[in-house]
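A short worksheet on the structure shown next.
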Amino acid sequence: MSEPHSIDAWIAQEAEVVQRLEAGPGPGLARPEQIAGKTGLEMMQAMLNAEIPYAAIAKTLDFTLLSVSRGVAVFQGTPLAQHLNPLGTIHGGWIATVLDSALGCSVHTMMPAGRAYTTAELSVNYVRAITPKVQRVRAEGKVIHCGRQLATAEARLVGPDGTLYAHATTTCLVFEMPAPR
């Protein structure tokens, strides 16, 4: 993921995904019958195909799920002035949220039907400040281990030129989903 890419290609890919997502149900929560019997990967693919709502936090904080595959999730974010901290750089919470989304969704892709996860630990290392001059950043989450009770994943947040801005790890608790009421 660290090899340089064209910012124009990044923006074009994002625009294609956003157009598809906005033509679907938009942000929100999937109804239980929409996700019943689906694996985590099938749920994430349904979200990307605009068959079920996507997470509202992505719209709120200006980032987008770009792709998923087994054990991998890629998000792209737009660092904007509204994400600045008092020092004039992008707030660490915004960076952590984009990374946490990539980490969690990479774990989500590994869940069999009826299983879920929750973040137990998130560790973020900030290595370079981001300002709104950086047009886009991408976070790629990759599962390291996914067992019956614990899953771990790692992610890197980079710019189109390959610059590393932050990296993170997570430990997630894996559990059986409670039956719908």
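The values are calculated or read from the model by the stated rules, or taken from the named source; none is laboratory data. Computed from a prediction, not measured in an experiment: that's the story for all the values here. Every residue, glycine among them, receives a Cβ derived from its backbone with ideal geometry; neighbour counts consider all protein chains shown.
Is there a residue being within 20 Å of THR78 (Cβ to Cβ), in contact with a Cys (Cβ under 7 Å, 6 or more places away or on another chain) and buried (at least 16 other Cβ atoms within 10 Å of the Cβ) anywhere in segment 128-150? So far as segment 128-150 goes, yes, one or more of its residues are within 20 Å of THR78 (Cβ to Cβ), in contact with a Cys (Cβ under 7 Å, 6 or more places away or on another chain) and buried (at least 16 other Cβ atoms within 10 Å of the Cβ). Counting only residues that are touching a His at 6+ places or on another chain (Cβ under 9 Å), part of a loop (DSSP other than H, G, I, E, B) and under 22 Å from ALA12 (Cα atoms), segment 40-91 holds 2 of them. Name the single residue, out of those in segment 147-181 being of a type in the set (A, V, I, L, M) and modelled with pLDDT under 95, that is farthest from MET111 (Cα to Cα). Among those that are of a type in the set (A, V, I, L, M) and modelled with pLDDT under 95, it is ALA179.
No other residue among GLU22, GLU51, GLU33, GLU14 is in contact (Cβ under 8 Å) with a residue 40 or more places away in the chain and of a type in the set (Asp, Glu) apart from GLU14.
Can you say whether GLY162 is exposed (fewer than 14 other Cβ atoms within 10 Å of the Cβ) and either under 22 Å from TRP10 (Cα atoms) or without any contact (Cβ under 8 Å) to a residue 24 or more places away in the chain (or both), as far as the supplied structure shows? Let's see the steps before the verdict.
Numbers: exposed (fewer than 14 other Cβ atoms within 10 Å of the Cβ): yes; either under 22 Å from TRP10 (Cα atoms) or without any contact (Cβ under 8 Å) to a residue 24 or more places away in the chain (or both): yes.
Criteria met by GLY162.
The condition of being surrounded by fewer than 18 Cβ atoms within 10 Å (Cβ to Cβ) and either out of contact with any Ser or Thr (no Cβ under 9 Å at 6 or more places or on another chain) or not basic (Lys, Arg) (or both) holds for only one of ILE57, ILE52, that being ILE57. Looking at this structure, is ARG70 basic (Lys, Arg), surrounded by fewer than 20 Cβ atoms within 10 Å (Cβ to Cβ) and over 17 Å from the mean Cα position of the chain (by Cα)? So ARG70 does not fit the description; no.
For the condition charged (D, E, K, R), at pLDDT 95 or above and exposed (fewer than 15 other Cβ atoms within 10 Å of the Cβ), GLU16 qualifies. Within segment 128-181, the set of residues being over 18 Å from SER101 (Cβ atoms) and among the aromatic types (Phe, Trp, Tyr) comprises just one member, PHE175.
Of the residues making up segment 114-159, those that are over 28 Å from GLN82 (Cβ atoms), part of a loop (DSSP other than H, G, I, E, B) and without any contact (Cβ under 8 Å) to a residue 60 or more places away in the chain number 3.
Being in a strand (DSSP E or B), under 20 Å from LEU48 (Cβ atoms) and not β-branched (Val, Ile, Thr) is not true of ALA102.
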